[in-house]
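Here's the structure, in structure tokens; my notes come after.
The values are calculated or read from the model by the stated rules, or taken from the named source; none is laboratory data. It should be emphasised that the depicted structure is a prediction, and the values quoted were computed from it without experimental measurement. Positions of Cβ are backbone-derived with ideal geometry, glycine not excepted, and every protein chain shown enters the neighbour counts.
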Amino acid sequence: MMPAVEVKNVSKYFGKVEAVKDISFHVNHGEIFGLLGPNGAGKTTLIRIILGLLLPTSGSVAVLGGPMTEEKKHRIGYLPEERGLYEEQKLWDVVVYMGRLKNLSAKKAKERAEYLLKQFDLWEHRHKRLKKLSKGMHQKTQLAVTLIHDPDLIIVDEPFSGLDPVNTELVKNMMVAMRAEGKSIIMSTHQMHQVEALCDRIALINNGRIMLNGPVPEIRRQFADNVVHISGRGSFETLPHVCHAEQQNGMWVLKLSDQISPASFLQILATHSNVEVENFAIAYPDLHEIFIRVVQESAKQP
């Protein structure tokens, strides 16, 4: 099966400025894919190229099996970074209207609107004008509009903006459920903890180029600094191959020498009579740390 989205060697010039530089990646069916990068990295340009709103200067994009068509646009849901709905209109009317614009019948648009407004805890507010809704309600309305036509490919830019923890969890659960249904989701956000919790794979873009691309666990392993976390009893700081040791929240944090792997060090622990290990874990950096490290290092490059 072809990927839901396949970007091959895409570049985009605006005059003499190359906003996107030879980018390639793919998004599978039934996957949440994180498209990450600092402001101005080229993410929005790339999303617009995927949606067919911009043409690439070179390279190609296949969406849902081939080039973009008008029919395919009705299979895509897009939540842009810059929101905009009809503030003077009532919530119910706006969501139904957006469903009609996506080729739903009047009956189907109303069925989907009722379902989504109930899912997002907006049903009791359906007769309010949008300008009367809170910021969080606005965000959930935008998401309802994005999903009104039950799209196969969903592209969301900062989907958790303005949401409290309860509604953040609600949206996360919906995204997980849609992935389980086989839908493909491209998520762009600066909330790295949400990327870690939800995304199967990511691409990190900076200055129009891909800096990282792959499964989240593999990328975290790639940036591991040979550090382990251990809880237990004994003098862990005196063990062979320990370069630095400190205690944090009742746990030992040990920096190991480059001559030994965490797995080999665990074997040493198992045979060492002066220590007793209760918990052992390799310390992988979180995506927030990796994001900052990669962006700062790329800024130093000529």
message: So V253 ticks every box in (1) in the same structural domain as E18 (by TED's automatic domain parsing); (2) aliphatic (A, V, I, L, M); (3) in contact with an Asp or Glu (Cβ under 8 Å, 6 or more places away or on another chain) but one. Which box is left unticked?
response: (1)
task: Would you check which residues across region 66-95 are more than 22 Å from the chain's Cα centre (by Cα), of a type in the set (F, W, Y) and surrounded by 16 or more Cβ atoms within 10 Å (Cβ to Cβ) and list them?
output: W92
query: Given the structure, is L117 touching a residue at least 12 places away in the same chain (Cβ under 8 Å) and assigned to a loop (DSSP other than H, G, I, E, B)?
result: no
- line: Those residues of region 53-89 that are within 27 Å of V216 (Cβ to Cβ) and in a strand (DSSP E or B) come to a total of 9
field: Tally of residues being surrounded by fewer than 17 Cβ atoms within 10 Å (Cβ to Cβ), at pLDDT 85 or above and within 28 Å of V195 (Cα to Cα) across region 228-250
entry: 1
query: Could we say that D157 is among the acidic types (D, E), at pLDDT 95 or above and touching a strand residue (DSSP E or B) at 6+ places or on another chain (Cβ under 8 Å) here?
result: no
- prompt: Do any residues in region 175-197 that are free of Cβ contacts under 8 Å to residues at least 40 places away in the same chain have Cβ atoms under 9 Å from those of residues that are in a helix (DSSP H, G or I) and among the charged types (D, E, K, R), where the two are at least six apart or on different chains, and which pairs are they?
  reply: Q194/K172; A197/K172
- request: Considering (1) exposed (fewer than 13 other Cβ atoms within 10 Å of the Cβ); (2) touching a residue at least 24 places away in the same chain (Cβ under 8 Å), say which one S261 fails and leave the rest.
  value: (1)
message: Cβ-Cβ distance below 7 Å, separation of 6 or more or different chains: which pairs start in region 205-216 with a residue that is on the phi > 0 side of the Ramachandran plot and end on one that is among the charged types (D, E, K, R)?
response: G208/E18; G208/K21; G214/R201
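Matching residues to (1) assigned to a loop (DSSP other than H, G, I, E, B); (2) outside the structural domain of L46 (by TED's automatic domain parsing); (3) crowded, with 19+ Cβ neighbours inside 10 Å; (4) modelled with pLDDT of 95 or more:
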{"site": "G162", "(1), (2), (3), (4)": "yes, no, no, no"}
{"site": "N167", "(1), (2), (3), (4)": "no, no, no, no"}
{"site": "M178", "(1), (2), (3), (4)": "no, no, yes, yes"}
{"site": "H190", "(1), (2), (3), (4)": "yes, no, no, no"}
{"site": "H193", "(1), (2), (3), (4)": "no, no, no, no"}
{"site": "A197", "(1), (2), (3), (4)": "no, no, no, no"}
task: Could you tell me whether A144 is without any contact (Cβ under 8 Å) to a residue 12 or more places away in the chain and in a helix (DSSP H, G or I)?
output: no
